[in-house]
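The values are calculated or read from the model by the stated rules, or taken from the named source; none is laboratory data. Keep in mind it's a predicted model, so treat the numbers as computed, not measured. Every residue, glycine among them, receives a Cβ derived from its backbone with ideal geometry; neighbour counts consider all protein chains shown. Only protein heavy atoms, including side chains, enter the accessible area calculation; ligands, DNA and RNA are left aside. Shrake-Rupley method; radii C 1.70, N 1.55, O 1.52, S 1.80 Å.
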Amino acid sequence: MTDAATIQETRQRRWAYALLAPSAFWYLALLILPLIVVMVYSVGERAPTGGYQAAFTFDNYLNLGARWTAFKNTLTLAPAGTLICLLAGYPLAYFLAVKASPKTRLLLLILVIVPFWTSFLIRTYAWMFILGGRGLPQLLDFIGIEGVRFINTPFSVLVGIVYAYLPLMVFPIFVSLEKLDKRLLEASEDLGASPFATFRQVTLPLSAPGVITGCMLVFILLMGEYLIPQMLGGGKVFFIGNALVDLFLQSLNWPFGSACAMALVVIMVVTVTLYLKATRATGGRDVSLV
Amino acid sequence: MSDPRKEFIAQLRRYQMGSISRRHFLGATGLGTAMAVMAGAVPGLRPRAGFAAGEIGDKVSLTSWPNYHDPANLEKFTEMTGAAVELTVFGSNEEMYAKLQAGGTGWDVFVPTNYTIQNYVDADLIDPLDTAQIPNFDPASYSDPRMSEPGTIGGKIYALHKDWGTTGFVQNTKELPDKLTSWKEFWDIAKDKASGRVMVHDYQLTTIGNALKYFGYSFNSNDEKELAEAEKLLIEVKPHLFAISSDYQPGMRNGDAWMSVAWTGDGKQLHNDIPEIIYVLGKEGGEIWSDFYAIPKAAPNKKGAYALINFLLDPDVNTAELMVHGYPVADKRVIAKLPPEIANDPIMYPAAELLSPLEFGASDVLTNPLRAEIMARFKSA
Amino acid sequence: MAATAPDQTDQGSYDVEFRSVVKHFGDVKAVDDVSFALKRGSFHSFLGPSGCGKTTSLRLIAGFEQPDAGAIEIAGQSVVGVPAYRRPVNMVFQHYALFPHMDVAANVGYGLRQRKPRPSESEVAARVAEALELVRLPQLASRRVWELSGGQQQRVALARALINRPTVLLLDEPLAALDRKLRREMQIELQNLQREVGITFVLVTHDQEEALSMSDTIGIMKDGKVVQFGTPEELYDAPVNRYVADFVGESNFFPGSVASTDREGATLVTASGLTLRAPYSRLGTRLSPGDRGSIAVRPEAIGLWRPTRVPAGLDVTRPARLLNRIYLGDHSEFQIEAEGLGPVLVRLPKSDEAQELEPGDQVVMGWNHERALALGEG
Amino acid sequence: MLRGYAIFVYLFLYAPIALIVLFSFNSGNNASDLQGFAVTWYIKAAGNTLMLGALKNSVIIATASAILATFMGTMAALALQNLRGPLRVLFDGLTYVAIMVPGIVIGIATLIALVTTFDVTNALIADLWPGEAPPKLGLGYGSIIAAHTLFAMALVIVIVRARIAGMDRALIEASADLYADPLATFRQVTLPQLAPGIIAGFLLSFTFSFDDFVIAFFVAGSQQTLPIYVFSSIRRGVTPEINAIGTAVMLFSLTALITAQVLLRRGKRPAQ
């Protein structure tokens, strides 16, 4: 390497370090350090009056079974919610990207995003009313279907989930469908594939990056969900997030709470990484998290 | 240097569920009509000016609960003294405690609940009050000394009584016509006729406490055997519950829930709007609580603080306050000014035999790890 | 691959027939009352500038568009209303439209896998190998398409279309993305391939050289209409109007108004007052006195001399000044400014003595009437 | 069929919002009983100093964390473009984790880490402080902004990096060829090219922070944010005032969204 090349390289590196410094500090102070503290706490003990006292024990991890219900609910309802969002969101994204006229497309797309800009809490509150006794059940009662109960059931939690996260699913799928080269669809049709066969063999595989991104966004958010089970599950549909809030704010059992939090993070990282690995092989080449 | 662990706990505890709902007020809903009558009936509500403008500075900060004061009163205070009242509200005692502990709050007056006052004294965060600066304070005026006692620690008065309340349950008599009178009936009917229609607080102090009452144990019991029995009852009832939540008003209002553990203010509010919903104090007992005015050691404007407390304890001002927040006050001078329909309101001023078995929450019960774990097991059952 | 030749027992000898086909997009008439018939087993091209309707015509054959009016037949069968996936035609797309999520073999086998009943995988594999052999890419079956060069992608697209043994193969500017040398190779290859498989090829291009060198017949299109349809020779030698002459090969045009006509040709007077005469194009429109018209002279039909060496017997001679000379190997092009005619392009072989001329020289240019054409505007 | 389905989804998306808007004009004071039309709740909301304070806090926090996240995230994305090797792998890994760790864990972890840190530093300050009352670090604006910035910054890094990856490097070379120094190239070519990504990152960060409840729930000091205020209001039995606030916030967001859209379109060159 010539001197000039070395100098240029060094200068570039210095610039890069300088540009990285603030974000590196942030990651260190607000991500690495907190996660280390949580890790340290997770092997500690609950102080007699609540909180943490230093110790080295794996009891908290061995005791994770005591929150089995929370883990089970989260690990069933989060994937189920993701899947429902996908099944409900894909046709809409397809409609927007392929079928809607270019004139109305932007408007329709904005309409999908707008609810996302309304307070999450207030939207979920609206569902408390709709699914509660004065809402849908009364309506059903009126037309002769009696005794239907929605609120505080896994069903109402799923409705809340789909409502809250549908836009997050639709958007990335829309983007990948819109980027899709329409000539590929014509090529497929030209080669004798019926519209459905074209959808299955071309459209679907090529929208995989959007599907994967959407699923991951929704899944990640659902795994840490607290408000929806709290508000629409009436404290009866218990997620890990709810267990964590209880452990930290009511039981004051921080070591156990930390162990649960660590377990949640590990489950997340492992499942998402595996999922990405698995999908990368099947055409999801250029998947990004956003 | 304070104990880091304690501070740590305090930081977290402030979020404890449930204390928020207690802070319900009746507002326009609860006592709308009575208030309108009162406003005209009470003469000279406006106390004379006792301070020259600027004498106590231009602002006094008051840290309290949501919807717990009459804005008109605070404006009057400003008119009289020239000091604006800067009102901040909190969600729970734990949060209030943690804030004060962290320091630099700039609070002049704040409103702690009975079981936390000991903690403030232990942590050396509040000073005994100089009652000479509060002429409106009259120890003889308390209708029930139990309400004011928690403010006095080691013979010194640290805090003065503001108002009080109880924890009972609400019952929709349209759906459940038989009027209940005890916690035993509450839990029994929850498993039976009211299955799927009952709510309990997402708050271990009251939920476990009232389950203990089923067996006649103390609301504040920390006894392992007694707690085990309470847990068994709770787990049995769990499948029959509509919800475990401290937000019971919406469920009661829209008819999804027929019964719920409830605090005075909510009971009053629900009853006013929907007369068939009644508020019941279990005859076995339950919780009673009381709120206080106190001045932090680090208050920047102590003179203003005393002036504000004195103003708020003025019987006329205090009566107007009550009309807004809707919780009972133990000051006889205030009770005397109340219209009979309020003074004799069985929800706000229950019969003495119902009050006597009630217990004040104990601070060690709040931090009991076993109780916390029982609550968690109950919720995830 | 001889087996891919279409069944010759089909009735009729045309593979594609348009009768008064009309296609609008909004207010734009993309295809305006077009009729033609493409002979079975030959190589046809549609040539024209972008927006002339050639691609729309192709898409009407493929079935991506349906006509607003008129009839379209493929192999004697009406296909109006038949979707693309039920038509016995296949297309090589402009940028190939290879499926990025499939390897080469999967791309090529795609069409076969859509058949009902679906052929066995071993049969598909065999046919894919055969097709790749045909386009001389047998070793690339398992490659991803984005790993291929432009020429390779082109061949894969061809194989993917041909494997289905279509009645008609449609090519939408298939060579536009290739460099010049590769394009020339592929032109020859396509032509050979067409002869080998015997399928009707329909090519759309805006490159006249490509169309001329490959096609049996060419349709020149303008504004949604077919201006002239014929063999390359017909188009070159007997353009129907100035538009075609301009599009096929190069010509100098000297416009003017028609002064007189007879059976053989017309006499025009240019704006500068020159009188020029030329015979009609064999297929061209006949002119009437007063019409606007042009005299078209190919660059190679014009001669260039020093003023002292002008041969006798020329019908037209004009003094001119040589502006520029472009050396092109076996011939050269000369840009001259001729009195009364303006800029003129002249092409002379290497052997011509005019090769010695230098820019700035005064020269004389000239031609004979029979080497020019009198054309109508259009 | 697809159109019908789309209509159904839009109904599903907008029925609750319509309900919120409807009840915000309810003249009665119960959020679940429609009694008549009135704007009283808007007037009431406009005079609710606590709510306005919470709104102000939310705006301050969301603006601050969105600005911080956009700046630091864009800087990091630009740096990573020129970086190879273990540092980049580490940074990418951290970004990945920052996006993946659930908000509730971020909230909890930040809280206990901050409180522990404050404890140490406050003791240190107290020892070194010459005067009577040493200043104390505590939870507040700073802690919420810091925690929100973490997630938002990771988001910006991902978005801007995607934008950089899609950018034609020839443009930068062209700019250098036309005598622009690196700074000028950055200002005139790179930045305008990245602008849509940066703006999107800023808007997303702002939205995320403005609407976040669970992180703020843990790391807030005395400052209430709007979601915390709304959460405690819902717990206290909702009046249509909350609906009025929700409607107002939605209108505000909608205006902002449309304005941003118009500005972006106007700024766009016709070629692109």
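Scaled to the globular estimate 2.2 N^0.38 Å, the Cα spread of the stretch A:112-162, given as radius of gyration, is 1.26. What you get for the protein assembly as shown, charging only the Cβ of Lys and Arg (+1) and of Asp and Glu (-1), is a dipole of about 1300 debye around the Cα centre.
I'd like to check one number: the per residue accessible area of the stretch D:52-267, probe 1.4 Å, reported in Å² as a whole number.
On the way: 8860 Å² over 216 residues.
Result: 41 Å² of accessible area for each residue.
P(r) tail for the protein assembly as shown: Cα pairs beyond 50 Å make up 48% of the total. In the protein assembly as shown, the DSSP beta bridges split such that about 70 percent are antiparallel, to the nearest 5.
Label sites at B:N222 and D:I125, each approximated as a point 7 angstrom past Cα along Cα to Cβ, lie 3.4 nm apart. A straight Cα-to-Cα reach below 26 Å connects B:K76 with the lysines B:K59, B:K162, B:K302, B:K303, B:K332, B:K337, D:K44, residues fewer than 8 places away in its own chain not being considered. Share of carbon and sulfur in the accessible area of the stretch D:46-117 stands at 77%, probe radius 1.4 Å.
Rounded to the nearest 20 debye, the dipole magnitude of the stretch A:73-237 is 240 debye, with +1 charges on Lys and Arg beta carbons, -1 on Asp and Glu beta carbons, and the Cα centre as origin.
Of the solvent-accessible surface of the stretch C:265-378, computed with a 1.4 Å probe over protein heavy atoms with every protein chain present, carbon and sulfur atoms account for 50 percent.
Relative to the Cα centre, what is the charge dipole magnitude of chain C, using +1 at the beta carbon of each Lys and Arg, -1 at the beta carbon of each Asp and Glu, and rounding to the nearest 20 debye? Please list the in-between numbers first.
Working: 42 positive and 48 negative charges, 178 e Å.
Roughly 860 debye for chain C.
When a/c reaches 1.5 or more, the comparison of a/b and b/c decides; with that in mind, is the stretch D:1-89 rounded, prolate or oblate per its Cα gyration tensor? Judged from the Cα gyration tensor, the stretch D:1-89 comes out oblate (a/c at least 1.5, b/c at or above a/b).
Label point of B:D122 set 7 angstrom out along Cα-Cβ; within the stretch A:20-53, amide nitrogens under 19 Å from it belong to A:46-53. Membrane-span-like helices of chain A, defined as complete DSSP H segments with a Cα extent of 24 Å or more along the helix axis and a mean Kyte hydropathy of at least -1.0, are identified as A:3-27, A:68-94, A:154-179, A:254-281.
I'd like the GluC sites (Glu not before Pro) in the stretch B:141-234 restricted to DSSP loop residues with at most 15 other Cβ atoms within 10 Å, sorted by number.
Numbers: sites: B:E175, B:E185, B:E224, B:E226, B:E229, B:E231; in loops: B:E175.
Here the sparse-neighbourhood loop sites are B:E175.
Seen from A:K99, the other residues with C-beta closer than 11 Å to its C-beta sum to a net charge of +2, counting Lys and Arg as +1 and Asp and Glu as -1.
Which shape class applies to the stretch D:130-190: rounded if a/c is under 1.5, otherwise prolate when a/b exceeds b/c and oblate if not, where a ≥ b ≥ c are the square roots of the Cα gyration tensor eigenvalues?
Since a/c reaches 1.5 but b/c is at least a/b, the shape of the stretch D:130-190 is classed as oblate.
Take the alpha carbon atoms of the stretch B:257-312, find their center, do the same for the stretch C:299-378, and report the distance between the two centers in whole angstrom. About 110 Å separates the Cα centre of the stretch B:257-312 from the one of the stretch C:299-378. Near C:H44, once Lys and Arg are set to +1 and Asp and Glu to -1 for all other residues with Cβ below 10 Å from its Cβ, the sum equals -1. Of the residues B:V170, A:A80, A:I267, the one whose Cα sits farthest towards the positive end of the charge dipole of the protein assembly as shown is A:A80 (charges of +1 on Lys and Arg Cβ, -1 on Asp and Glu Cβ, taken about the Cα centre). Pairs with C-alpha atoms separated by more than 18 Å, drawn from the list B:K184/B:K238; C:K181/C:K222; A:K236/B:K225, are C:K181/C:K222; A:K236/B:K225.
Taking 17 Å as the straight-line reach from the Cα of B:K179, the lysines in range (excluding those fewer than 8 positions away in the same chain) are B:K191, B:K193, B:K268, B:K283. For chain A, the fraction of C-alpha pairs more than 36 angstrom apart is 36%. Per-residue SASA remark: C:D330, around 110 Å² accessible (1.4 Å probe; ligands, DNA and RNA not included).
With Cα atoms defining each centre, the stretch D:44-80 and the stretch C:269-289 are spaced 78 Å apart in the structure.
Step by step: find N for the stretch A:73-237, compute 2.2 N^0.38 Å, then divide the Cα radius of gyration by it. What's the final number?
1.20
With protein chains left intact and a 1.4 Å probe, residues in the stretch C:335-378 average 47 Å² of accessible area per residue.
In this rough spin-label picture, where each label sits 7 Å from Cα along the Cβ direction, the A:L139-C:L182 distance is 6.0 nm. Figure legend: label point modelled 7 angstrom from the Cα of D:A170 along Cα→Cβ; no residues of the stretch C:131-150 have amide N under 12 Å from it. Considering only alpha-carbon pairs that sit under 8 angstrom and 6 or more positions apart, the relative contact order computed for chain A is 28 percent. Placing a pseudo-label 7 Å from each Cα along the Cα-to-Cβ vector at D:L87 and B:A343 gives an inter-label distance of 8.0 nm. Which lysines, on any chain, are close to C:K225 with Cα under 28 Å apart, when same-chain ones fewer than 8 places away are left out? Partners found: A:K182, C:K23, C:K29, C:K39, C:K54.
When the helices of the protein assembly as shown are scored as -39500 (n - 2.57) per DSSP H run of n ≥ 4 and the total is divided over every residue, the value at 222 nm lands at -15500 deg cm²/dmol.
If you roll a 1.4 Å probe over the stretch A:73-237 with all protein chains in place, what percent of the accessible area is carbon or sulfur? The computed percentage sits at 72.
Which of rounded, prolate or oblate describes chain C when judged by the alpha-carbon gyration tensor and an a/c cut-off of 1.5? Intermediate values should be presented prior to the final figure.
Values: a/c = 3.00, a/b = 1.84, b/c = 1.63.
Verdict is prolate for chain C.
When the P(r) is computed for the stretch C:250-378, the part past 18 Å accounts for 52% of the Cα-Cα pairs. Each part reduced to its alpha carbon centroid, the stretch C:40-92 and the stretch C:147-209 end up 17 Å apart. With a cut-off of 14 Å on the backbone N, the residues of the stretch D:77-106 near the modelled label site 7 Å out from A:E9 along Cα-Cβ are D:83-85.
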